[in-house]
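To start, the structure under review is shown below, and the notes come after it.
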Amino acid sequence: MAPTSDGPCPLFSVIIPLEFHRGQWEQSWLGWTSQTADRSLFEIILAVPPGFTAHAELEALAADAARIEHAALNHDIGLCAFGASKARGKYLFFTESHCRPEPDVIELCIRAINDHPDWAGFSCRSVPICHNRLSEAEAAMYQADIEFGMKQHPWRKVLDQCFVTRRDAYWECGGLREELGHFAEWVLAAGYFARGYIIGYLEQARFHHYYVGHIGELKTFTLDFVQGEIRYLSEVRRDPGSELIEIPREWSDPDETDGALALHALNALMRYSLAGRGWTRPDENLRALWRWGAAALLGDLPARVAARFAVAYARAVLTALTIIGSSDAVARWLKRYIASLIRLQRIECIRRIRGPAKPASKLLGDHVIAQLGFHAIETSAGYTFRWSEPQAAVRIKGRPGRNKICIQSPSFRGPLDKIGTQFYLDGAHVDPAAIEIARDSYTLSLDLPSSAIAILAWACPVLTGAAEVRRLGLAMVAIDVNRGSDNSEDSGLSAAI
């Protein structure tokens, strides 16, 4: 995207959105006008939202030294994208209006471009400005995350406080998307990495970032990020870099509160226990009984209530600690508050986007249209798999009549035929004679109803381990459903149950 303009093009287009300026935009402006580099090397684009009120001050300070661009946008990311569309420089320089650059920033950036021709972009160093105890804790939390991204994470290198990029690379990678809020930074960074672009870290170029230290604004920021995250996941895009985005558990396990699946997991637990197999660890069984029973009766209500309580409790403690607690305690409870807040916001955003008709997650294959009782995806010994809990359930789709259901399960906990797993189809126990057990798979010969959809549940002993705190059952790679023989005389009858 190349805007037309008279006159020579500058090397940098500095883009400053004037939303969320936190009363610091004048300091930011003075930082840019105090640069030691020749002024002809950079233009300043001030992207002004409709709600900006200091128009007289803006005109007095910047009218002759910046391009003032008004936009009907109310978010920093959208204003940055708008400013980029107006930019003439070879390099785009994104920043925020509550960030003040040190005088040598432009000079250091020019030196970095010459020293690192392989860099398509780079982020500068963020130095916190704090003014109360909560802002100190906020800065410590976010600075740790920034340092991790800049120095350790393989691709999370875009920091919109101070990010410089070649304009052509920025547009090739899709640019900043306003509808994703601040999650757009992660999506853009993943796009650079997937296309082979290198983003560096220029630690010598320093920006002073003002932390507001207000609980309400922290809540607003996390909601903005989470809404963008869930909106992006709901698009199911296949752009370069989409495979790098980590899937939160709240998204990957949308069926954890599916009442029907929970009822079948509860049935598997009860029947397995009544058969004398499941009461070797009664404390585990009681917890599982409550887990599946509550989900079967109340759906996602317990999860939402628990998430809301966790947020309210953490916020109350954090508020008290900002008055009477130690700095360490404030920092610790701020992290706890943010973590609980993100979980609640994810649950609520997913509920709004998906509604009652949830799409199939297909994490165990195309024939699994819902699943409950699984841990996160992991990789070991060449397998990508998910541990199930000792009780789990899946809703499968095949064809009416006889089907063969192949469950690929690496024998990480020992031979599959020694575990003692029991399967249940639509609540009925599956006859062991209908199950073939191989080294790394179970194959079940089952009849599905006329709808071709059924719920398959199982129960097995808890896998115990010295350092394992999760409740583990079977390692699951995929569940495949294939049509059985059509010539069997009893193909319409249930010979397996």
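What the table below lists for this structure:
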quantity: Selected residue (criterion: nearest to A137 (Cα to Cα)) from residues of segment 294-327 that are at pLDDT below 85 and part of a helix (DSSP H, G or I); calculated: A303
quantity: Unmet criterion (only one of (1) surrounded by fewer than 22 Cβ atoms within 10 Å (Cβ to Cβ); (2) in contact with an Asp or Glu (Cβ under 7 Å, 6 or more places away or on another chain); (3) within 30 Å of V311 (Cα to Cα)) for V158; calculated: (1)
quantity: Residue ID - modelled with the highest pLDDT, chosen from residues in segment 276-286 that are over 17 Å from A393 (Cβ atoms) and in a helix (DSSP H, G or I); calculated: L286
quantity: Helices (runs of 4 or more DSSP H) lying entirely in segment 1-102 (those with 1 or more residues that are closer than 20 Å to R125 by Cβ); calculated: 25-33, 76-86
quantity: Enumeration of residues in segment 30-57 that are touching a residue at least 40 places away in the same chain (Cβ under 8 Å) and of a type outside the set (F, W, Y); calculated: L30, G31, S34, Q35, T36, A37, L41, E43, I45
quantity: The listed residue being surrounded by fewer than 17 Cβ atoms within 10 Å (Cβ to Cβ), in a helix (DSSP H, G or I) and out of contact with any Pro (no Cβ under 7 Å at 6 or more places or on another chain), out of A112, A144; calculated: A144
quantity: Selected residue (criterion: surrounded by the most Cβ atoms within 10 Å (Cβ to Cβ)) from residues of segment 115-141 that are touching a residue at least 24 places away in the same chain (Cβ under 8 Å) and part of a loop (DSSP other than H, G, I, E, B); calculated: C130
quantity: Pick from segment 452-475, criterion more than 21 Å from L263 (Cα to Cα) and of a type in the set (A, V, I, L, M), ranking: modelled with the lowest pLDDT; calculated: A466
quantity: Contacts under 7 angstrom Cβ, first residue in segment 439-458 being in contact (Cβ under 8 Å) with a residue 60 or more places away in the chain, partner outside any strand (DSSP E or B) and among the aliphatic types (A, V, I, L, M), 6 or more apart; calculated: I455/A260; I455/L261; A457/A265; A457/A268; W458/A268
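The values are calculated or read from the model by the stated rules, or taken from the named source; none is laboratory data. Just so it is clear, the model here is predicted, and its values are computed rather than measured. Neighbour counts are summed over all protein chains in view; Cβ atoms, including those assigned to glycine, are modelled from backbone coordinates with ideal geometry.
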